[in-house]
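First up is the structure itself, then whatever we jot down about it.
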Amino acid sequence: MLSRILFVCLSLSLYSAGSSLSCRWVDHKFRQHSETSLDLLNTMAIEDAEVEDTVAFPNHLYSHASRASAEDKLHFTVQVLEEAAALFEEDHSNASWEENTVENFVNVVNQQADGLRSCTGSHGHKKKNKKLHMYFKRLSSHVLKNHSAEAWELIRKEIRTHLMRADQLVSSLLNTN
């Protein structure tokens, strides 16, 4: 009897430890949404736009996240997606983008964030990474201060890089499964 209880407890703990890695949404939907969001960003590209990079990309935050637990990788990726969507909800009237393309992009990115959040289980209320938040705040206040087409092109390129790095983080979870 005691061995059965021990076996059940061990099985449950192993299942819960690997549950974020075996999230069906990540396995089946994340890649599809990631490709869609990147395609939408690519259609928004401005030809021959001259942009100056004024905010350094936070590579160190991604390096740190890549060494984190599966749960922390998911939380970090959710925050990246939420911050990216929030940027595109600002006034983008000076950009030459079709309104429905931007709306579709924001919707897909929000679906990705919601899907990943569902994989984090009951631990979904983790504190946000302040350095990552400050980076996105600097993008909003320094780069987008005049909301010009050139500024939006820089934001588009930065977000594209973020989405590709976020995809790598989540893919690393699938590769270890």
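The values are calculated or read from the model by the stated rules, or taken from the named source; none is laboratory data. Worth saying up front: this structure is predicted, and the values here are computed from it rather than measured. Virtual Cβ from ideal backbone geometry, glycine too; neighbours counted across all protein chains shown. Keep in mind that these areas ignore ligands, DNA and RNA; they rest on the heavy atoms of the full protein, side chains included. Shrake-Rupley method; radii C 1.70, N 1.55, O 1.52, S 1.80 Å.
Return yes or no: is T77 of a type in the set (V, I, T) and open to solvent by 20 Å² or more (accessible area, probe 1.4 Å)? For T77, the condition - of a type in the set (V, I, T) and open to solvent by 20 Å² or more (accessible area, probe 1.4 Å) - is not met. Checked against the criterion of being β-branched (V, I, T), surrounded by 13 or more Cβ atoms within 10 Å (Cβ to Cβ) and in a helix (DSSP H, G or I), segment 136-153 has at least one qualifying residue. Step by step: first the residues of segment 97-135, then only those that are part of a helix (DSSP H, G or I) and among the hydroxyl-bearing types (S, T, Y), then the one that is nearest to L40 (Cα to Cα). Which residue is that? Out of the qualifying residues, it is T101. Against the list (1) modelled with pLDDT under 90; (2) hydrophobic (A, V, I, L, M, F, W, C); (3) surrounded by 15 or more Cβ atoms within 10 Å (Cβ to Cβ), the condition L174 fails is (3). Screening L169 with (1) in contact with a Lys or Arg (Cβ under 6 Å, 6 or more places away or on another chain); (2) open to solvent by 30 Å² or more (accessible area, probe 1.4 Å) gives one miss only, at (2).
Does E83 count as assigned to a helix (DSSP H, G or I), within 22 Å of Q32 (Cβ to Cβ), of a type in the set (D, E, K, R) and open to solvent by less than 30 Å² (accessible area, probe 1.4 Å)?
yes
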